[in-house]
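What follows is a set of notes on a single structure, which appears directly below.
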Ligand code: F6P
């Protein structure tokens, strides 16, 4: 392997810059050339790239976002788009591509390999933590801390005004962010897609909280939850049924994707990306690097895409006990 291509794709996540730095520096260490494509697959289609060296990634480990930028390329979803991207990679003499992103990014990588024989290696970078084969994805820890800090602030005003707040968090179809931030911020209820507890239970629980002397409450709602109402409808429904509650809604939105990565995410990105380069040098490809039990391991990319990680149901029980 003489030349490695690199890109960040899909929703950005804090720690992607630490990942870019680690790939670039590991390449420099092993005397491999490193080319970074801009805006994910779109940059590959447009042949928009830059040559990276150890110095071009200085002072970025602490930055949120991604210096290579990211995109969800529509053109890459077409056969012609993928053919253009593959032709550019081949013309540049790139031996393998490191793709930093989530499942959409890895699916794109699978197609590049199947249709054009380009070896790919996935690095899981998404705040959602919804990738099989790793216990942590890059950016998840930072997003959790961002959410917890935001809810702490909401709690200040909630308790000053005796209010009930519904806080919607990201996570797409997965409840990892909601469940863990909910426990970390001491939420009274946590609604996640994996476990639809139903509206009755929510009303009962809020009524019980009220009776037990709580004057304010926080309910964390995952954006993908399956209760059948969006967060605003949910707040209205609770107000109708429990009129003594002054209910408000906060949608945290993209604030969860920004900010300086936590030390955990920086170290995770660094470890995963050194391993990614080393795996390619050892002749591996079509795998994803993941962290399992504090070890960085390779997981077959097809398997990573086929299976879904499961939430730890024990956390729901913990939340239940602690919101008494
Ligand atoms: O996958 C990361 C994520 O932030 C999800 O949590 C969310 O559903 C989605 O991306 C939002 O995507 P976009 O930034 O394209 O609106």
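Points worth noting:
- Quarter of Cα convex hull surface for the range 1-69, i.e. mean projection, nm²: 4.2
- Listed from fewest to most Cβ neighbours within 10 Å, the set 120, 274 follows the order 274, 120.
- Computed over the range 66-164, the quotient of the alpha carbon radius of gyration and 2.2 N^0.38 Å is 1.54.
- Sequence-distant contacts, meaning Cα pairs under 8 Å at least 6 residues apart, place the relative contact order of the range 60-200 at 15 percent.
- The value given for the range 112-192 is a Kirkwood hydrodynamic radius of 14.5 Å, derived from the mean inverse Cα-Cα separation.
- The order of the peptides 165-175, 150-160 by mean Cβ neighbours within 10 Å, most packed first, is 165-175, 150-160.
- Inter-part distance where the range 112-170 and the range 239-311 are each reduced to a Cα centre, Å: 7
- Panel order for 176, 35, 232, by other beta carbons found within 10 Å of each beta carbon, from fewest to most: 232, 35, 176.
- Across every pair of non-identical alpha carbons in the range 221-324, the mean reciprocal distance, once inverted, gives a Kirkwood radius of 18.2 Å.
- The ranking of 106, 41, 113 from fewest to most other beta carbons within 10 Å of each one's beta carbon is 113, 106, 41.
- Candidates 250, 105, 134, ranked by Gaussian network fluctuation over the chain, Cα under 10 Å, top entry: 250
- Beta bridges per DSSP with both ends in the range 1-94, % antiparallel, nearest 5: 50
- Considering only beta bridges that DSSP places wholly inside the chain, some 25 percent are antiparallel.
- Every helix of 4 or more DSSP H residues in the chain counts as -39500 (n - 2.57), and over all residues that averages to -13000 deg cm²/dmol at 222 nm.
- For the chain, the relative contact order is 23 percent, taking Cα pairs closer than 8 Å that sit 6 or more residues apart in sequence and dividing their mean separation by the residue count.
- Counting every pair of alpha carbons in the range 136-243, the share spaced more than 24 Å apart comes to 20 percent.
- Against the main long axis of the alpha-carbon atoms of the chain, helix 103-116 sits at an angle near 30°.
- Here, the range 268-324 has an Rg and a Dmax of 16.2, 54 Å when only alpha carbons are counted.
- Counting all C-alpha pairs of the chain, share separated by more than 30 Å (%): 38
- Taking only the Cα atoms of the range 1-152, the ratio Rg/Rh comes out at 0.98, with Rh defined as the Kirkwood radius.
Laboratory data are not the source of any read-out in this text; all were calculated from the coordinates shown. Nothing here was measured: the structure is a model prediction, and the numbers come from that model. Heads up, the Cβs are rebuilt from the backbone with ideal geometry, glycines too, and the neighbour counts pull from every protein chain shown.
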